[in-house]
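A short write-up of the structure that comes next.
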Amino acid sequence: MNQRAICLISGGLDSFVAAAIARKTHEIFGLTVNYSQRHRKEIEAARNIARFLDMRDHRIVSIDLSWVHSALTCPEEPIPERETPGEIPATYVPARNTLLIGLALVYAEDVDADSIYLGINHLDYSGYPDCRPEYLDAFQRLINIATKKTIEGGSITLKAPLINLKKSEIVLLGNRLGLDFSLSWSCYRGGDKACGRCPSCLIRLRGFEEAGLKDPLSYEMV
């Protein structure tokens, strides 16, 4: 196995499954970004996931976005307790995926990786504009003209294997891959238990229910 992939690992369920898919064909390198999110529980989850998947390397990069007006970075902004279909929610972090993919691109060139794996999907998601197929297509065009490797004839490909899957399908896929979902963390809050009220919890719980499986996490409201 000589192909290498950078896997963006948030600590959540989706990026866990995407990285497990990458591991089937690539030597995987994990990248987690601490962007001043309100809690650090997902960072620890990312560490545990990296160990579980036996990654070649796992880098945690810190970027200060504490000044950004988002419910995920600003303690004064309330975390919503319902989904808002058709709206960009308060948990949107401006240009987050653009920043994360940019950092993954640096890592990919540094270790000569040919792929960057993302856990994003556009069916069961929270309305973020940077989770859409057209966003990935546009970023791929940028990569094709933006790096030494691609200009010299190589390639770095963005791969989002979950992009067209429902959350229940992602849960079932991860289950077939033998993943321990108790290592992951999806809640926007960082308590001892997941809140069961925020949009991320609601989407995750619905996914497990529709998949006919029990979520191994403990919830305050379930």
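The values are calculated or read from the model by the stated rules, or taken from the named source; none is laboratory data. Computed from a predicted model, the values in this text were never measured in an experiment. Here Cβ is always computed from backbone atoms with ideal geometry, including for glycine, and neighbour counts include all displayed protein chains.
Look at (1) more than 15 Å from the chain's Cα centre (by Cα); (2) surrounded by fewer than 17 Cβ atoms within 10 Å (Cβ to Cβ); (3) among the aliphatic types (A, V, I, L, M) and you find that I60 fails only one, number (1).
Of all the helices (runs of 4 or more DSSP H) wholly in region 108-222, which have at least 2 residues that are closer than 15 Å to I21 by Cβ and not charged (D, E, K, R)?
167-176
Taking the condition within 24 Å of S182 (Cβ to Cβ), of a type in the set (A, V, I, L, M, F, W, C) and buried (at least 18 other Cβ atoms within 10 Å of the Cβ), does A18 pass? Quick ask: steps written out before the conclusion?
Working: within 24 Å of S182 (Cβ to Cβ): yes; of a type in the set (A, V, I, L, M, F, W, C): yes; buried (at least 18 other Cβ atoms within 10 Å of the Cβ): yes.
Answer is yes for this residue.
Answer yes or no: is there a residue in region 76-95 that is polar (S, T, N, Q), surrounded by fewer than 17 Cβ atoms within 10 Å (Cβ to Cβ) and farther than 23 Å from P161 by Cβ. Yes, region 76-95 contains at least one residue that is polar (S, T, N, Q), surrounded by fewer than 17 Cβ atoms within 10 Å (Cβ to Cβ) and farther than 23 Å from P161 by Cβ. Is region 59-72 home to any residue that is more than 30 Å from G196 (Cβ to Cβ) and aliphatic (A, V, I, L, M)? Within region 59-72, one or more residues are more than 30 Å from G196 (Cβ to Cβ) and aliphatic (A, V, I, L, M). When restricted to residues that are over 19 Å from S62 (Cβ atoms) and surrounded by fewer than 23 Cβ atoms within 10 Å (Cβ to Cβ), region 1-15 contains 4. For region 105-121, a residue qualifies if it is within 24 Å of C187 (Cβ to Cβ) and touching a Phe, Trp or Tyr at 6+ places or on another chain (Cβ under 9 Å), and the qualifying residues are G119, I120.
Checking the conditions here, which among Y128, Y188, Y219 is modelled with pLDDT under 95, over 22 Å from F29 (Cα atoms), of a type in the set (S, T, Y) and surrounded by fewer than 20 Cβ atoms within 10 Å (Cβ to Cβ)? Write out each step before concluding.
On the way: Y188 fails: surrounded by fewer than 20 Cβ atoms within 10 Å (Cβ to Cβ); Y219 fails: modelled with pLDDT under 95.
Answer to the selection: Y128.
Looking at A18, A90, A45, just one residue is in contact with a strand residue (DSSP E or B) (Cβ under 7 Å, 6 or more places away or on another chain) and small (G, A, S), and that residue is A18.
When A113, A194 are screened for being small (G, A, S), touching a strand residue (DSSP E or B) at 6+ places or on another chain (Cβ under 9 Å) and without any contact (Cβ under 8 Å) to a residue 40 or more places away in the chain, only A194 passes. Taking region 1-83 and the strands (runs of 3 or more DSSP E) fully enclosed by it, the elements with 2 or more residues that are of a type in the set (S, T, N, Q) are at 27-34. Identify all residues within region 149-164 that are buried (at least 17 other Cβ atoms within 10 Å of the Cβ) and touching an Asp or Glu at 6+ places or on another chain (Cβ under 8 Å); write none if there are none. Residues satisfying the conditions are K149, I156, L162. Among residues of region 126-152 that are more than 26 Å from A71 (Cβ to Cβ), those with a Cβ under 6 angstrom from a residue that is of a type outside the set (V, I, T) and not in a helix (DSSP H, G or I), sequence gap 6+ or separate chain, pair up as Q140/L158.
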